[in-house]
1. In the range 104-130, how many are small (Gly, Ala, Ser) and surrounded by 23 or more Cβ atoms within 10 Å (Cβ to Cβ)?
2. Check every one of the strands (runs of 3 or more DSSP E) wholly within the range 148-209 and list those with 3 or more residues that are farther than 14 Å from Met73 by Cα.
3. How many of the residues in the range 41-55 are of a type in the set (Val, Ile, Thr) and either in a helix (DSSP H, G or I) or surrounded by 15 or more Cβ atoms within 10 Å (Cβ to Cβ) (or both)?
4. Of all residues in the range 153-163, which are over 20 Å from Gly180 (Cβ atoms) and either among the basic types (Lys, Arg) or buried (at least 23 other Cβ atoms within 10 Å of the Cβ) (or both)?
5. Take the residues in the range 70-121 that are of a type in the set (Val, Ile, Thr) and in a helix (DSSP H, G or I); name whichever of them is farthest from Ala169 (Cα to Cα).
6. Could you tell me which of the residues Arg25, Arg16, Arg34 is surrounded by fewer than 19 Cβ atoms within 10 Å (Cβ to Cβ), within 21 Å of the chain's Cα centre (by Cα) and not in a helix (DSSP H, G or I)?
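Read-outs: derived from the displayed coordinates by stated rules, not from any lab. What you see is a predicted model; the values in this text were computed from it and never measured. Because the Cβ atoms are built from the backbone with ideal geometry, glycine has one as well, and the counts that use them run over all protein chains shown.
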Amino acid sequence: MENEALYSREREEMVREQIERRHVRDARVLTAMRAVPRHLFVTQEYQGQAYDDCPLPIAQSQTISQPYMVAVMSSLLELQGTERVLEIGTGSGYQAAVLARLAAEVHTVERHPQLATAARQVLNSLSVRNVVVHCGDGSLGWPSYAPYQGIMVTAATPGLAQALLEQLADGGFLVAPVGGHGSQDLQRWQRVGARFEMESIFPVAFVPLRGEGGWKEGEW
């Protein structure tokens, strides 16, 4: 009980100092960030750093993103609570847990079976019922449940695959880090009928997206 109270205070401080102070104003996103227990999505050795202003390592040489980045990418989707959302790169499952509080239905795809299984276990333990974790190559999206009103790519892609854009619903937003090793450009795309409009947000640094629509082994 004492630890839970401590983590609750750390979450509140995380939101206030790392997210609100950097001008993330979406009230629903701030509420979700206050509610999701980030410390449960990292290994025990990193639980003391779970609410720090940085990414943390998880299995399979992947990371759990910096809390601020999770909040920014979530807010860029402009979710109202009725949407079906696709996340590419489940990782720990933390971002999916945040999206679960913002959308009606979340489909998240992870290529590493170990990570997919672990994410399912944590989400189930938290009684998150509106997230489906798929194991496979999501680099070209997940057409089975398209169209999506929001799509989030949580690893660096060399370019935005047309297949992803085609799975985006009219009016929906797609957020992805686009670029190569060391630095990428966080981009937001919106579908407007048959057109796609893109805006550049700011430079970021993510691990590579692997798969048919991402970076091949040996390229990064």
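1. So the count comes out to 1.
2. Numbers: elements: 148-153, 168-180, 183-192, 195-204.
Those strands (runs of 3 or more DSSP E) span 168-180, 183-192, 195-204.
3. Of all residues in the range 41-55, those of a type in the set (Val, Ile, Thr) come to 42-43.
Those left that are additionally either in a helix (DSSP H, G or I) or surrounded by 15 or more Cβ atoms within 10 Å (Cβ to Cβ) (or both): 42.
Of the residues in that region, 1 qualify.
4. We begin by selecting, within the range 153-163, every residue over 20 Å from Gly180 (Cβ atoms); these are 163.
If the condition is that a residue be over 20 Å from Gly180 (Cβ atoms) and either among the basic types (Lys, Arg) or buried (at least 23 other Cβ atoms within 10 Å of the Cβ) (or both), then no residue fits.
5. Thr117
6. On the way: Arg16 fails: not in a helix (DSSP H, G or I); Arg34 fails: not in a helix (DSSP H, G or I).
Exactly one of Arg25, Arg16, Arg34 is surrounded by fewer than 19 Cβ atoms within 10 Å (Cβ to Cβ), within 21 Å of the chain's Cα centre (by Cα) and not in a helix (DSSP H, G or I), namely Arg25.
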